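Q: Take this structure first; my questions come after.
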Amino acid sequence: MNTQPRQSQIIENKSVDYVPESERQGKSHSLFTLWFCTNIAPLAVVSGAIATETFHLNVISALTAIVAGHLFGGIFLALTSAQGPKVGIPQMVQSRAQFGRYGSLLVISFTTVIYLGFFISNISLSGKVINNVFPSMPVSSATVIGAILATAIGIVGYHFIHRINKVGAWIMGAALILGLALMVSQPFPADFWSRGSMSAAGWFGTFCIGAVWQISFSPYTSDYSRYLPANVGIARPFIATYLGACGGTILAFIFGMMAVNIAPTSDAMMSVRHATGWLGPILMVLFLINIICHNSMNLYGAVLSLITAVQTFRPHWTPGAAVRLVVSALVLVGSVLVALAASQNFVSFFINLILALIAVLIPWIVINLLDFYYVNKQKYDVEAIFRADGGRYGLLNTQALLVYFAGILVQVPFVENAFLSGPYANLIPGVDISWIISFVVTSIAYPIFHRKTQPLLARVSDSNA
């Protein structure tokens with residue numbers, strides 16, 4: 001682990017290394033704008049429409065389910081974000097403290113696939129949106145442009161991503177609030193309030209979508225808070241992340257839900273365009289910019305995860321900006337080739353695969369939070385995390401891995417996705433409750449079976465080994 005300060009005027013010069021206090025800067029409120037802007041995205045708008053279009057809730061029931069789901073899931077996202085200033089390392093590097101140096105590779109592999117899947121999906125989406133805004137541009141060319149722009153932002157890195165989202169939060173937030181004002185200022189359809197009904201299954205299904213939405217961002221979080229000074233504590237980054245992530249996503253979900261009820265069409269984004277009148281075309285351009293900025297975070301996270309995986313086998317290697325640039329370029333080329341070569345059916349298959357893999361994040365986040373807050377009392381031996389032998393955390397934490405696998409396996413009887421339908425998948429019709437089963441089982445098992453490590457102070461003498 002290199003703790004010597006290194007400065008770069010434009011491109012972030014770190015990748016997966018520890019950020020020493022001499023390089024820490026910024027305020028916790030930057031996490032609010034980052035997560036607020038990130039979550040005002042087309043996918044969030046479309047997902048909000050599911051509450052009434054798929055689950056057939058009435059407007060009031062949909063509103064309460066959306067708000068409750070995100071407020072619940074946001075707790076876990078914010079708790080992982082608050083770890084960043086304490087440890088000063090990316091989220092996936094930190095996983096070595098829970099699973100061991102080599103054991104963490106399993107989680108890193110799953111997370112990398114999810115990052116890449118979302119990056120490929122979003123560059124395909126950005127290509128279509130660019131083509132929609134500029135019809136004379138072929139979709140293939142638009143896809144390449146969208147991918148290059150996202151990669152460029154990701155290469156510049158941490159501080160630039162924060163700056164873009166700081167500006168974007170005000171613009172996107174104002175645009176959506178204005179859009180909502182335009183929606184409610186016009187006469188509602190006659191059946192606006194009476195359409196749909198309150199159902200326990202529909203409400204819980206919408207709640208689950210909101211909760212899982214927030215939890216699925218957890219592998220990103222400390223990547224974007226690790227440069228904050230350690231003295232900001234836990235509460236301030238938690239509150240900033242929580243309010244930003246929940247506020248932005250709730251706004252986007254409600255925006256989509258309202259649009260499809262005011263101007264019903266076969267496509268949620270088309271409903272947005274119709275329901276917001278003159279603002280519609282402007283929103284499409286803003287959503288395009290948002291997709292590109294958001295996708296830069298997918299690229300950034302994928303690159304950090306890939307470098308973390310390689311660095312696991314090269315413990316004395318300290319990769320910097322040049323390595324991050326090269327890996328980013330490789331990810332860009334590979335992702336664009338996949339996006340351009342894939343048929344629409346393949347892309348749909350790939351998205352379903354990524355959504356299925358999110359199930360592996362549920363036991364991970366439970367183990368991560370319990371280990372950091374309950375077992376280790378918010379203190380990690382960062383020096384040991386970078387040691388070749390894993391230090392006090394070892395190379396392979398078999399107890400944690402067994403609990404992790406158990407958290408995945410208990411979901412199987414209840415899971416419902418494009419690849420598998422368990423025997424109890426319809427316990428609540430139309431609702432996937434497998435993640436809740438995993439959450440409960442992992443929460444009980446990990447405190448019981450976790451491996452006790454030596455006290456932190458007992459290893460100080462080994463810190464330079």
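The values are calculated or read from the model by the stated rules, or taken from the named source; none is laboratory data. Keep in mind that what you see is a predicted model, and the values were worked out from it rather than measured. Don't worry about glycine lacking a Cβ; one is built from the backbone with ideal geometry, like all the others, and counts go over all protein chains shown. Side chains included, ligands, DNA and RNA excluded: accessible areas come from the protein's heavy atoms. Shrake-Rupley method; radii C 1.70, N 1.55, O 1.52, S 1.80 Å.
Q: Looking only at the stretch 183-237, how many residues end up being touching a His at 6+ places or on another chain (Cβ under 8 Å), open to solvent by less than 30 Å² (accessible area, probe 1.4 Å) and assigned to a helix (DSSP H, G or I)?
A: The number of residues fulfilling the criteria is 5.
Q: What residue, among those in the stretch 25-49 that are at pLDDT 90 or above and more than 19 Å from the chain's Cα centre (by Cα), is least open to solvent (accessible area, probe 1.4 Å)?
A: Across the stretch 25-49, the extreme among qualifying residues is ALA49.
Q: Go through (1) more than 30 Å from ALA309 (Cα to Cα); (2) modelled with pLDDT of 85 or more; (3) surrounded by fewer than 18 Cβ atoms within 10 Å (Cβ to Cβ) for VAL133 and report which single condition fails.
A: Result: VAL133 passes all but (2).
Q: Still on this structure, please answer the following. Within the stretch 270-293, take every residue that is within 26 Å of ILE120 (Cα to Cα), open to solvent by less than 10 Å² (accessible area, probe 1.4 Å) and among the hydrophobic types (A, V, I, L, M, F, W, C) and give me the one that is nearest to the chain's Cα centre (by Cα).
A: Among those that are within 26 Å of ILE120 (Cα to Cα), open to solvent by less than 10 Å² (accessible area, probe 1.4 Å) and among the hydrophobic types (A, V, I, L, M, F, W, C), it is ILE291.
Q: Here's something else I'd like to know. Looking at SER121, is it at pLDDT 90 or above and part of a helix (DSSP H, G or I)?
A: The answer is no for SER121.
Q: Further question: Between THR143, THR151, which is at pLDDT 90 or above, β-branched (Val, Ile, Thr) and within 18 Å of the chain's Cα centre (by Cα)?
A: Unique residue meeting the criteria: THR151.
Q: State whether one or more residues within the stretch 254-262 are closer than 19 Å to THR38 by Cβ, under 23 Å from the mean Cα position of the chain (by Cα) and surrounded by fewer than 24 Cβ atoms within 10 Å (Cβ to Cβ).
A: So far as the stretch 254-262 goes, yes, one or more of its residues are closer than 19 Å to THR38 by Cβ, under 23 Å from the mean Cα position of the chain (by Cα) and surrounded by fewer than 24 Cβ atoms within 10 Å (Cβ to Cβ).
Q: Right, another one. Where in the stretch 349-450 are the helices (runs of 4 or more DSSP H), entirely inside, with at least 2 residues that are of a type in the set (Val, Ile, Thr), open to solvent by less than 40 Å² (accessible area, probe 1.4 Å) and in contact with an Asp or Glu (Cβ under 7 Å, 6 or more places away or on another chain)?
A: none
Q: While we're looking at this one, here's another question. Would you confirm, using the coordinates I've provided, whether SER126 is in contact (Cβ under 8 Å) with a residue 60 or more places away in the chain, in a helix (DSSP H, G or I) and open to solvent by less than 20 Å² (accessible area, probe 1.4 Å)?
A: Spelling it out, SER126 is indeed in contact (Cβ under 8 Å) with a residue 60 or more places away in the chain, in a helix (DSSP H, G or I) and open to solvent by less than 20 Å² (accessible area, probe 1.4 Å).
Q: Out of the stretch 308-321, which residues are part of a helix (DSSP H, G or I) and either at pLDDT below 90 or of a type in the set (Lys, Arg) (or both)?
A: If the condition is that a residue be part of a helix (DSSP H, G or I) and either at pLDDT below 90 or of a type in the set (Lys, Arg) (or both), then ALA321 is the only one that fits.
Q: Name the pairs whose Cβ atoms lie under 8 Å apart, with the first residue in the stretch 393-420 and closer than 30 Å to GLU383 by Cβ, the second open to solvent by 40 Å² or more (accessible area, probe 1.4 Å) and among the aliphatic types (A, V, I, L, M), and 6 or more positions between them or separate chains?
A: LEU401/LEU106; TYR404/LEU106; GLY407/VAL441
Q: At pLDDT below 95 and farther than 30 Å from HIS56 by Cα - does that describe any residue in the stretch 414-424?
A: Scanning the stretch 414-424 turns up no residue that is at pLDDT below 95 and farther than 30 Å from HIS56 by Cα.
Q: Right, here's the next one. Applying the selection to the stretch 300-317, what residues are open to solvent by less than 10 Å² (accessible area, probe 1.4 Å) and either of a type in the set (Val, Ile, Thr) or in contact with a strand residue (DSSP E or B) (Cβ under 6 Å, 6 or more places away or on another chain) (or both)?
A: Once the filter is applied, which keeps residues that are open to solvent by less than 10 Å² (accessible area, probe 1.4 Å) and either of a type in the set (Val, Ile, Thr) or in contact with a strand residue (DSSP E or B) (Cβ under 6 Å, 6 or more places away or on another chain) (or both), the stretch 300-317 yields VAL303, ILE307, THR308, THR312.
Q: Checking the condition in a helix (DSSP H, G or I), open to solvent by 30 Å² or more (accessible area, probe 1.4 Å), farther than 26 Å from GLY407 by Cβ and in contact (Cβ under 8 Å) with a residue 24 or more places away in the chain, which residue from VAL144, VAL113 passes?
A: VAL144
Q: Counting only residues that are of a type outside the set (Val, Ile, Thr) and modelled with pLDDT of 90 or more, which one in the stretch 103-115 is nearest to ALA339 (Cα to Cα)?
A: Filtering first and then ranking leaves SER109.
Q: Return the residues of the stretch 258-277 that are in contact (Cβ under 8 Å) with a residue 40 or more places away in the chain and part of a helix (DSSP H, G or I); say none if nothing qualifies.
A: Of everything in the stretch 258-277, those that are in contact (Cβ under 8 Å) with a residue 40 or more places away in the chain and part of a helix (DSSP H, G or I) turn out to be MET258, ALA259, VAL260, ASN261, ILE262, ALA268, MET269, SER271, VAL272, ALA275, GLY277.
Q: In addition: Limited to the stretch 27-63, what total is found for residues that are farther than 22 Å from ALA275 by Cα and among the β-branched types (Val, Ile, Thr)?
A: Residues flagged as farther than 22 Å from ALA275 by Cα and among the β-branched types (Val, Ile, Thr) within the stretch 27-63 amount to 2.
Q: Turning to a different aspect of this structure: Taking the options TYR374, TYR404, name whichever one is out of contact with any strand residue (DSSP E or B) (no Cβ under 7 Å at 6 or more places or on another chain) and more than 15 Å from GLY103 (Cα to Cα).
A: Of TYR374, TYR404, the one residue that is out of contact with any strand residue (DSSP E or B) (no Cβ under 7 Å at 6 or more places or on another chain) and more than 15 Å from GLY103 (Cα to Cα) is TYR374.
Q: Related question: Determine which member of the set SER305, SER296, SER328, SER266 is under 16 Å from PRO42 (Cα atoms), among the hydroxyl-bearing types (Ser, Thr, Tyr) and either under 19 Å from the mean Cα position of the chain (by Cα) or at pLDDT 90 or above (or both).
A: Going through SER305, SER296, SER328, SER266 in turn, the sole match is SER296.
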